[in-house]
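See structure below.
Derivation of every value follows stated rules applied to the coordinates shown; laboratory data play no part. As the structure is a prediction and not an experimental result, all values here were calculated from the model. Heads up, the Cβs are rebuilt from the backbone with ideal geometry, glycines too, and the neighbour counts pull from every protein chain shown.
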Amino acid sequence: MSDIPLHLARSFDEVADLYDAHRPGYPDALFVDLTAEARLGPNDAILELGCGTGQATRGLAPFGRRVLAIDPGPELVGVARRRLEAFPHVHFEVSTFEDWAPRPYRLIVSAQAFHWIDWAVALPKSAAVLAPGGMLACFAHVPEPPPAPFLGVFEPIYGRLAPELWVDSPERWYWPDGAFAHGLAASGLFEPADYRVYRATRTYSAEGFVDYLRTRSDYRALGPERLEALLAAVAQAVRDEGGTIEMDMPAHLHMARRL
């Protein structure tokens with residue numbers, strides 16, 4: 001699990017509109033591969049854990065399978081419901097996975113959220129919920145370092161205001177050799193995982209970039225005073241370098257069938 005306090009998972013609900021506006025969606029190819037590998041029948045259903053405002057739900061909905069998307073944040077779920085109201089086969093519940101009453105599913109999906117689930121519960125309960133032959137799929141954007149010249153511009157800012165953010169990112173949990181991959185292999189509950197990466201970039205204005213950073217748990221852990229000082233300096237740096245920043249934000253996908 002991430003070493004960021006779990007109470008920060010609930011803090012995303014405080015920035016639901018920013019989360020919806022500035023967190024990227026996922027490549028169409030990821031969902032094509034995912035649904036093909038899951039071998040879903042016409043009556044099979046999908047469970048999504050930690051749906052947030054529906055960035056991944058929007059990629060699952062067009063495939064026509066029943067989707068139940070759960071998240072502990074009522075504001076986040078409210079945004080997701082509005083976004084997906086055109087898909088009557090997509091349903092939402094406000095709940096943690098820990099508190100959710102198990103029902104059998106063929107596919108469990110979790111985008112940028114599995115690391116918030118109690119690790120003592122996450123994999124055992126997922127295996128128990130999955131129907132025979134069912135698959136767990138976890139994926140996340142893992143932002144890569146900012147491009148030059150931003151590296152040289154940002155480093156002294158972070159060194160002064162938030163040095164701990166310059167050297168680590170919770171999304172590294174989803175790297176091919178990260179904590180999720182190791183935990184999955186050690187659990188003894190799943191077949192060896194199929195790992196894939198999908199390249200993507202996103203261009204932000206100075207204001208859009210800092211609004212995106214406001215939705216990140218590691219930034220929210222700084223507290224309001226440090227966060228605002230850091231974001232003001234970052235926004236000014238982006239303006240000074242031309243007003244926009246293009247970030248490489250590949251999506252890392254892990255798929256594993258239950259034994």
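Odds and ends about this structure:
- DSSP bridge pairs, the range 8-257: antiparallel proportion in percent, nearest 5: 45 percent
- Two-decimal Rg to Rh for the range 106-184 - Kirkwood Rh, Cα set: 1.14
- FRET efficiency, 1/(1 + (r/R0)^6) with R0 25 Å, evaluated for Ser95 and Ala131 via beta carbons: 0.80
- Backbone HN-Hα couplings from phi across the range 71-86 [Karplus 6.51/-1.76/1.60, Hz, Gly and Pro as x]: 7, x, x, x, 5, 4, 5, x, 5, 4, 4, 5, 5, 10, 5, 6
- By the count of neighbouring beta-carbon atoms within 10 Å, fewest first, Tyr174, Tyr219 end up ordered Tyr219, Tyr174.
- With contacts taken as Cα pairs under 8 Å and at least 6 residues apart, the chain reaches a relative contact order of 24 percent.
- Among 224-234, 134-144, 22-32, sorting by the average number of other beta carbon atoms lying within 10 angstrom of each residue, highest first, gives 134-144, 22-32, 224-234.
- Distance (nanometres) between label positions extended 7 Å along Cα→Cβ at Ala232 and His182: 4.0 nm
- Folded to 0 to 90 degrees: helix 150-161 orientation relative to the chain principal axis, Cα: 90 degrees
- Computed helical MRE - 222 nm, the chain, DSSP H runs ≥ 4 contributing -39500 (n - 2.57), nearest 500: -11000 deg cm²/dmol
- Within the range 8-257: Cβ-based charge dipole about Cα centre, in debye rounded to nearest 20 (Lys, Arg +1; Asp, Glu -1): 700 debye
- Dipole of the chain computed with +1 at Lys/Arg Cβ and -1 at Asp/Glu Cβ about the Cα centre; of Ala232, Val77, Met135, farthest Cα towards the positive end is Met135.
- Cβ-derived FRET efficiency at R0 35 Å, Arg82 paired with Val121, nearest 0.05: 0.75
- Shown in residue order for the range 48-61 are the 3J(HN,Hα) couplings computed by the Karplus curve 6.51 cos²θ - 1.76 cosθ + 1.60 at θ = phi - 60°: 10, 9, x, 6, x, 9, x, 4, 7, 4, 5, x, 7, 4 Hz (x for Gly and Pro).
- If you look at the Cα atoms of the range 1-107, you get an Rg and a Dmax of 13.9, 40 Å.
- Backbone HN-Hα couplings from phi across the range 128-136 [Karplus 6.51/-1.76/1.60, Hz, Gly and Pro as x]: 5, 6, 5, 5, x, x, x, 10, 9
- Viscosity 0.890 mPa s, 25 °C: Kirkwood-radius Stokes-Einstein D of the range 8-257 over Cα pairs, µm²/s: 130 µm²/s
- Fraction of beta bridges assigned by DSSP in the range 58-174 that are antiparallel (%, nearest 5): 0 percent
- Close amide H contacts of Phe190 (hydrogens built in the peptide plane, cut-off under 5 Å, sequence separation of 5 or more or a different chain): Leu259.
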